[in-house]
Structure formats: structure tokens, C-alpha cells
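What follows is a single structure, written as C-alpha cells, with notes after it.
The values are calculated or read from the model by the stated rules, or taken from the named source; none is laboratory data. Quick caveat: nothing in here was measured; it's all calculated off a predicted structure. No Cβ is skipped: glycine too gets one built from the backbone with ideal geometry, and neighbour counts run over all protein chains shown.
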Amino acid sequence: MHFTINGQSFDVEPDIRTSLLDLLREHVGLTGTKKGCDHGQCGACTVLVNGRRINSCLTLAVMHQDDEVTTIEGLGTPDDLHPLQAAFVRHDGFQCGYCTPGQICSAVGMLDEAAKGWPSHVSESLDDGALTDEEIRERMSGNLCRCSAYPNIVDAIREVADGARDERRVGEEAAA
Amino acid sequence: MKSFDYARADSAEAAVADGGSEGTKFIAGGTNLLDLMKLQVETPARLIDISRLDLASVEATEAGGLSIGALVPNADLAAHEVVRRDYPVLSRALLAGASGQLRNKASTGGNLLQRTRCYYFYDTTSACNKRAPGSGCAAIGGFNRIMAVLGTSDQCIATHPSDMAVAMAALEATVVTLKADGDRRRIALADFHRLPGDTPHIETVLEPGELITHVELPPAPKGRQVYRKVRDRASYAFALVSIAGIVAVEDGRIASAALAFGGLAHKPWRDPAVEAALVGHTPGDAAFAVAADALLADARGFGSNDFKIPLARRTLIATLRELTA
Ligand SMILES: Cc1cc2nc3c(=O)[nH]c(=O)nc-3n(C[C@H](O)[C@H](O)[C@H](O)COP(=O)(O)OP(=O)(O)OC[C@H]3O[C@@H](n4cnc5c(N)ncnc54)[C@H](O)[C@@H]3O)c2cc1C
Ligand code: SF4
Ligand code: FES
Ligand code: FES
């Protein structure tokens, strides 16, 4: 089977039952993505497939041969952190760090959904995409943190969301 | 997980030609099927991957409604412009379900066919008529906090866990299918899921190998639309009780009402007596109490789920107040 992960090609022949999560961890050596529950209940395994966040434990590797998979290793490196990685460090958005790769991949997908104007369960109106703290908490509810670093996780995400919004505004003003 | 053969279908016709054979299952998002396969609650010998079929768009119908492809992800459906504008109860129900990650994967067809969250169904060491017909029902006389209070049988008291399906029941959706012989069927959502009766393992009227291709919504209904979900935590939890309500008030009276209930039964529950108790009446707690009496006249608790009966009553009254305020 052929896979594209973090822009790199991999040819491996895993058992047909292999989940995307086990493919990443056991077959291509990308152990940044974590296994918590293996049943879609914790979000530790969150990765981006064609830019969308999904639980890699609840999908088969074989179903993703034509997709672009991005894991935490593909977002940034220790010398060149992704803005969300840097913000998690700055805000102490973790204790043990086990949920962190999933939190960060999920936040990347979530910010993209919010930028498209997708509403959430707590949105007052279905046309309102303003990213309040309540919105961030709801949209990130698929990522559990056993250490309960939630307040700092929300702080880190808010900082990046606000930065992206300011950049967009500057861009729009420049264009206008 | 038991091993299986895997094939990717190139067309809906190819999928159904292959889909009816013993032990064969379609896989779409996989978020329910793989969960159950890991526990060997489901042990298909063959999986047909339908996830790449060309059934992922939402289109207007000639009748003025909406046709939703079976592979439209729950996230995209909730965010769809026309759904947000004309069918907000459906957006709200979808957004109340699962998590952002799961909604990105979960498909419209798979959501309708997701199986119960009954703890004993998931535990292969327990008696469960749904998983192992004839073995009994560990939930009756066991811990049954999340189980049904309406339409149960002495064989099974499980609920259907979908939020989306409850909204679609209120909207009077139609499920469109393709059968192995190439015939298409149109099934009213109200007739799609079955009550448990003596065969709780047969959950819908689908035939083996029959593929859901679309779900159609009629033109947007009149009135206000609300989805209210009561659950054990504020997010990322299944409903204990949920209500999809669509009510129009004209000249101070309820002109039309469609109410569907989740968490109470083996299928999205609709009861014409509830709607009849409302239509023509002045909105207010007097009429709402009569509607709640009608809904719960035959309700029966099994111990740990007794609380659902008063909870359903209060949730209905609160929802009706919101719909008619
Ligand atoms: C942790 C967790 C929390 C959840 N919370 C909620 C919640 O709060 N509310 C809620 O409503 N749901 C919830 N869900 C369930 C989720 O919505 C379902 O798992 C999902 O909708 C199933 O869709 P799928 O495409 O992944 O289905 P799959 O797993 O691919 O398939 C499910 C079933 O449908 C069949 N199937 C799929 N597509 C078709 C088709 N087109 N034609 C015929 N048969 C088909 C398959 O053979 C299989 O039997 C939750 C799930 C998890 C794991
Ligand atoms: S309620 Fe239904 S699903 Fe649950 S144990 Fe009884 S038979 Fe099985
Ligand atoms: S490991 Fe996938 S959600 Fe927990
Ligand atoms: S930092 Fe420990 S689980 Fe989140």
C-alpha cells in the first residue's frame, strides 16, 4: 500500500485490519500521534487528512491511500515550531503531554473550520463564527486532557486564533 | 478484530451487486463499524468501502427540498448554507452530536445506521438479543440508565443513539436506496427504523446489501425549529432525552407541530397524539401538559432509567415554551 504522510511517500504492507493510527505508530515510525482509548472517545489520535481533523483510531489505513495525512511531526520541528506548538509551550498547555499532539492537530483543524464560518453547538446564531472561549471549549470537546490543562490549552489556542484574525484584518485592509 | 476481505467500490451499482452476500458490510466513515469490530461485536467477513462513491453532495430537489448524498459528512451537512437557513433543527442536531473530529468522518448514511450504545450490546460476555439473538437481555433487570421507556419489548430495551435521525424524523425526511437488483426504494424516515419486538437484531427495513444513496428533505416547513438535547455532560455525550421540534403559531393558536424524540426508544419517536394535543390550541402550559401526558401515557421505566419519564416531560414542556415564546 502507498501512503503520503507529511509530504513523504511510504510503501508498506500492513495487515488489512491496521488502523491509520497503528500505521503511523507501528509501521512508519511516527510515534508523535498517541493512542488513548482506541475508540474515538479521547482525541489523542487526532491527525489531519486532506486538512480535516479526524480520529485516526477509527479509520482503516487502507482507506487513506490517496490522501494527504498530516501528523504533529508534519506541523513543525523543534527548531521551527508551528504557531500552535509555540503557543502551547508559552502557555504551559500541558502537563504530561500525552494529549498534546492530538490537541494541536485538532486545534489546527478547528481554526480552519472556524475560519470557514462553521457554527458550533454553542453558537448563538448559526451564522456566527466569533471564536469566544466558550466556542473554543465546545469545538475542542473531542480532545480530553487527563491532566486537565484545559485553561492553558484555551489560552494558547485563543492567542493563535486572535493572531490569525489580526493578520487577516491587516491583509484585508491592505487589499482594500 | 477478526480479519476480513476488503474491496473498494467504484460505483453504487458495483457496491450493491457485491453487498448482499453473507457476512458483507459497507463501510463509510467507519466510526461506528470499526469501533464495534475492535470489540468483535461486529465480525464481517468482507468490507466494501463505499467512502469514495460519488454521493457526497447536497442538492436542491425539483420539489423545492434538499437531496443529501449518503456520504455527506455530518460536519459539512451541519455547516451547509441551505441547511443552516431552512432546516436549522438539522444543523443543531448534528452539532449537538459527537465531536468535531467524528463529525468530519461520520456520514449521513452511516449515522442513520449507527447501532445502539447499550453497554451490554458492547460487552460480548453479556446476554444480548440484539448481538446474539436468543441469548436474553442483560439490560432488563440490569443497569439500564440509558435505555428506552417507549416502544420496548421483553426482548430488548435499547435506544437508537442518533441526534441527526431525530431531526430528520421531525422534518419528515425520505431515505432513498439502491437494491441489488438495481431497483430504487423511497422509505419514509418514520418507517425506516424498527421497534425491537421479537427481532431486536433487525433494526431497519433495509434488505441485505441495500445501499442508502440519499436522504431527501421536503421543502422547508413553516414555523420555528428547535433541537434540545439533555445529556450527562455539556458536550461529546449521547442524549438521555432529545427533542426536535417544529411549531408554527398563527393568530394565537398552534397551526402545525412536528415533534420527534431521541433517547426514549429504539427509533426516533413520533406520536401523532402529541401533535394532535397541540394543533388548534393556544400555546401555554395547559396544552403542553396534555401533550406530555399523550407522549408518556404508555411509558415504562426499568429501574435506573425511571428518571427519563419525568425528564422527557420537563424537556418537552421547556422545548414547547421555547418554540412558541
Ligand atoms: C465517541 C463517540 C461519540 C459519539 N457521539 C454521538 C452523538 O452524541 N450523537 C450521535 O448522533 N452520534 C454520535 N456518535 C456516533 C456517530 O455519529 C456515528 O458513529 C456515525 O454517524 C456513523 O457514521 P459512519 O459513516 O462512520 O458509519 P460507519 O461506521 O461507516 O457505518 C455504520 C453502519 O452503517 C452501514 N452503512 C454506512 N453507510 C451506508 C450506506 N450508505 N448504505 C447502507 N449501509 C451503510 C455500515 O455497513 C455500518 O453497518 C458518536 C460516536 C463516537 C465514537
Ligand atoms: S437492551 Fe437490547 S441491546 Fe441492550 S442487552 Fe438488551 S437486547 Fe441487547
Ligand atoms: S485513541 Fe483515537 S480517540 Fe482515543
Ligand atoms: S497534558 Fe496530560 S493528558 Fe493532557
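Specify which of the listed residues (B:G110, B:G97) is within 14 Å of another protein chain (Cβ to nearest Cβ) and assigned to a loop (DSSP other than H, G, I, E, B).
Matching residue, one of B:G110, B:G97: B:G97.
I need the full set of residues from segment B:237-264 which are under 17 Å from B:Y227 (Cα atoms) and in a loop (DSSP other than H, G, I, E, B), in order please.
Those that are under 17 Å from B:Y227 (Cα atoms) and in a loop (DSSP other than H, G, I, E, B): B:A237, B:F238, B:A239, B:L240, B:G263, B:L264.
Looking for something more than 19 Å from the chain's Cα centre (by Cα) and not assigned by TED's automatic domain parsing to the domain that holds B:G301 - is there at least one such residue anywhere in segment B:158-171?
Checked segment B:158-171: no residue is more than 19 Å from the chain's Cα centre (by Cα) and not assigned by TED's automatic domain parsing to the domain that holds B:G301.
Could you give me the residue pairs with C-beta distances under 7 Å whose first residue belongs to segment B:126-151 and is more than 16 Å from ligand 1 (Cβ to nearest atom), whose second residue is of a type in the set (D, E, K, R) wherever it lies, and which are 6+ apart or on separate chains?
So the pair list comes out as B:V149/B:R300; B:V149/B:K308; B:L150/B:D298.
Name the residue that is surrounded by the most Cβ atoms within 10 Å (Cβ to Cβ), counting only residues in segment A:128-176 that are hydroxyl-bearing (S, T, Y) and outside any helix (DSSP H, G or I).
The selected residue is A:S141.
What is the residue count in segment A:84-110 for residues that are within 16 Å of ligand 1 (Cβ to nearest atom) and either away from every other protein chain (no Cβ under 14 Å) or touching a strand residue (DSSP E or B) at 6+ places or on another chain (Cβ under 6 Å) (or both)?
Residues flagged as within 16 Å of ligand 1 (Cβ to nearest atom) and either away from every other protein chain (no Cβ under 14 Å) or touching a strand residue (DSSP E or B) at 6+ places or on another chain (Cβ under 6 Å) (or both) within segment A:84-110 amount to 2.
May I ask you to say which residue of A:P78, A:P83 is modelled with pLDDT under 95 and over 23 Å from A:T18 (Cα atoms)?
Among A:P78, A:P83, only A:P78 is modelled with pLDDT under 95 and over 23 Å from A:T18 (Cα atoms).
From the residues in segment A:43-57 that are part of a loop (DSSP other than H, G, I, E, B) and surrounded by 24 or more Cβ atoms within 10 Å (Cβ to Cβ), which one is farthest from ligand 4 (Cβ to nearest atom)?
Across segment A:43-57, the extreme among qualifying residues is A:C45.
Can you list residue pairs whose Cβ atoms sit under 7 Å apart, with the first residue in segment B:226-245 being within 19 Å of B:I309 (Cα to Cα) and more than 10 Å from chain A (Cβ to nearest Cβ) and the second being surrounded by 23 or more Cβ atoms within 10 Å (Cβ to Cβ) and acidic (D, E)? Count only pairs 6 or more apart in sequence or on different chains.
Hits for this filter: B:A239/B:D163; B:S242/B:D163.
Kindly state which strands (runs of 3 or more DSSP E) lie completely within segment B:1-94 and contain at least 3 residues that are facing chain A (nearest Cβ under 10 Å) and polar (S, T, N, Q).
Once the strands (runs of 3 or more DSSP E) in segment B:1-94 are filtered for at least 3 residues that are facing chain A (nearest Cβ under 10 Å) and polar (S, T, N, Q), nothing remains.
Taking the stated definitions as given, is B:A165 at pLDDT 95 or above and either touching a Lys or Arg at 6+ places or on another chain (Cβ under 7 Å) or not in a helix (DSSP H, G or I) (or both)?
Against the criterion (at pLDDT 95 or above and either touching a Lys or Arg at 6+ places or on another chain (Cβ under 7 Å) or not in a helix (DSSP H, G or I) (or both)), B:A165 does not qualify.
Give just the number: which of (1) within 14 Å of another protein chain (Cβ to nearest Cβ); (2) crowded, with 24+ Cβ neighbours inside 10 Å does B:C118 not satisfy?
Failed condition: (1).
For A:G142, which of the numbered conditions (1) more than 14 Å from chain B (Cβ to nearest Cβ); (2) within 16 Å of ligand 1 (Cβ to nearest atom); (3) not aromatic (F, W, Y) fails to hold?
Here A:G142 meets the rest and fails (1).
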